[in-house]
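Bear in mind that the values in this text are calculations on the coordinates, not laboratory data. For clarity, every value in this text was computed on a predicted model and none was experimentally measured. Because the Cβ atoms are built from the backbone with ideal geometry, glycine has one as well, and the counts that use them run over all protein chains shown.
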Amino acid sequence: MSMSAARKAAVQSRGRQGLAAAVILAAALAGCSDGQVTRDSDTDNVGYIEGDGTVSIFPPDDRDPAPEFGGPLLGEEGEFQLADALGDVVVLNVWGSWCPPCRKEAPDLQAVHEELQDDGVRFVGVNTRDGQTETAALAYEDEFGITYPSVFDPDGQALLAFRDTIPPSAIPSTLVIDRDGRMAARVFGPIGEASLREMVTDIAAEEPAEM
């Protein structure tokens, strides 16, 4: 292959890689869309009037075990490991400071966290796509008074743990893990305070499975 042909092939390859990255980013941003939440009285599913996000609540007998998930904590020493939270209900919220629906739901998440934290409910954020520094993410937490911890996952590598179970493939997304370490619910997109409180309270009230 001539030098000019090799250079042309390299440029085309970079172009294809750039297009693929743009498609991936567009898919993530598509999940970052605002919407109102409605509940269908005949099902346990919640859907968005706008956007393509949904909330699904899974019956206890249909729940899969949560995968091994963890990572370093944003702005803190140490790390979070999901396995260490067995016995608590864990609410994992995937967010980015650049995402308007994340900013809209942040006060609701904090409010429900404050209300339920003494009932064995643990809120944990997963900060992603905010760059390799923590500056923007920490400013976001300060702005909204977020007091629960977040895993710092700038490249989304930690979230890949959920790819074979119930992946949180939108930003924002929220996953709820029951006291037995099983995937109990998934939210695509933002969720309001009342709907979040109802969903998490119901899961927290469930009797743990017999060992």
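Structural remarks
- The share of Cα pairs per 10 Å bin across the stretch 50-94, counted from zero up to the longest distance, runs 18, 44, 27, 11 percent.
- Between T147 and D118, residue separation times 0.36 nm minus the direct Cα-Cα distance comes to 9.0 nm.
- Counted charge near D84, where neighbours are those whose Cβ lies closer than 13 Å (Asp, Glu -1; Lys, Arg +1): -2
- Contact order normalised by residue count of the stretch 91-183, Cα under 8 Å, 6+ apart, percent: 39
- Taking a quarter of the surface of the Cα convex hull of the stretch 110-211 gives a mean projected area of 7.1 nm².
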